[in-house]
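The structure under discussion appears below in the form of C-alpha cells.
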Amino acid sequence: MAKISKKMAKAINEQIIAELESSYIYLNIANYYVENGLAGFGAWFKKQAEEEVEHAEKFIDYLHSNGEKVVLTEIAAPKDKFKDDRAPLVKQVEHEEFVTSLIYKLMDLAIADKDYRTQEMLRWFISEQAEEEEHSHELLEKYDRYGKDLTALMHLDRELAQRK
C-alpha cells in the first residue's frame, strides 16, 4: 500500500524541480553581484542557492522514504537581467513569496488527502519559508536604507559575506 497518494508524489516531484530552479535563480543573482563588485552579496546568494538544493534533497528523501520514485526533469535557465543592484533583491522577495504559495498548495493537498505524514513534513517547510520571506524582506529594507550610501553599502556587503 502506498504511503502517499500518486497525486501527492507528483506534486512533490514538481516541488523538487521548483527548489532546484530556485537554486539556479539564486546562483544567477550571486553571479550578478560578484560581477558587479559586491562579493558579499554574491556569497550570501550562493549560500541561498545551496540551501535550495538542500530543500530539494529533503523532498527527494521524503519521496524515497515513502517508496516513491523521484522524477527529475529539465530545469530552465534563469532569464533575469538586472537593471541595478536593487532588482535582484526584489526578485528574491517575489520568488520567496511564490515558493511559499507552492508549499501552501502542497499542504492544501495533504489536508485534502488526510495525509498526516506529509502535513508533518511540510510544517518544517512552512516555518522555513516564513524565515526566508523575513530575511528577503529585511535584506531589501537594508538595501533601501543603505544602498545609496557607498560606505554603508560596503558595510552591508561585508556583513553578508559572513553568512555561514
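Listed values, structure above:
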{"quantity": "Kyte-Doolittle mean at least -0.5, axial Cα span of 18 Å or more - DSSP H helices of the chain", "calculated": "6-35, 87-112"}
{"quantity": "Student exercise, the range 96-164 dipole from Lys, Arg, Asp, Glu Cβ charges, in Debye to nearest 20", "calculated": "180"}
{"quantity": "Within the chain: Cβ-based charge dipole about Cα centre, in debye rounded to nearest 20 (Lys, Arg +1; Asp, Glu -1)", "calculated": "320"}
{"quantity": "Percent carbon-and-sulfur accessible area, the range 58-125, ignoring ligands, DNA and RNA, probe 1.4 Å", "calculated": "55"}
{"quantity": "Gained length - Asp149 relative to Glu131, 0.36 nm times residue gap less alpha-carbon distance", "calculated": "3.7 nm"}
{"quantity": "Average accessible area per residue (Å²) across the chain - probe 1.4 Å, nucleic acids and ligands excluded", "calculated": "57"}
{"quantity": "Solvent exposure, largest accessible area first (probe 1.4 Å, DNA, RNA and ligands not counted), of Trp124, Trp44", "calculated": "Trp124, Trp44"}
{"quantity": "Leading residue at positive end of dipole, the range 88-144 (Cβ point charges), from Ser136, Leu122, Phe98", "calculated": "Leu122"}
{"quantity": "3J(HN,Hα) from dihedral phi, the range 70-78, Karplus parametrisation 6.51/-1.76/1.60, rounded to Hz, x for glycine, proline", "calculated": "9, 10, 8, 10, 4, 10, 6, 5, x"}
{"quantity": "Only Lys, Arg (+1) and Asp, Glu (-1) charged, at Cβ; the range 45-103 dipole about Cα centre in debye", "calculated": "240"}
{"quantity": "Mean shadow area of the range 88-157 over all directions, Cα convex hull, nm²", "calculated": "4.9"}
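The values are calculated or read from the model by the stated rules, or taken from the named source; none is laboratory data. Predicted, not measured: the structure shown is a model, and the values here were computed from it. All Cβ positions, even for glycine, are placed from backbone atoms using ideal geometry, and neighbour counts span all protein chains on display. With ligands, DNA and RNA removed, areas are computed over all heavy atoms of the protein, side chains included. Shrake-Rupley method; radii C 1.70, N 1.55, O 1.52, S 1.80 Å.
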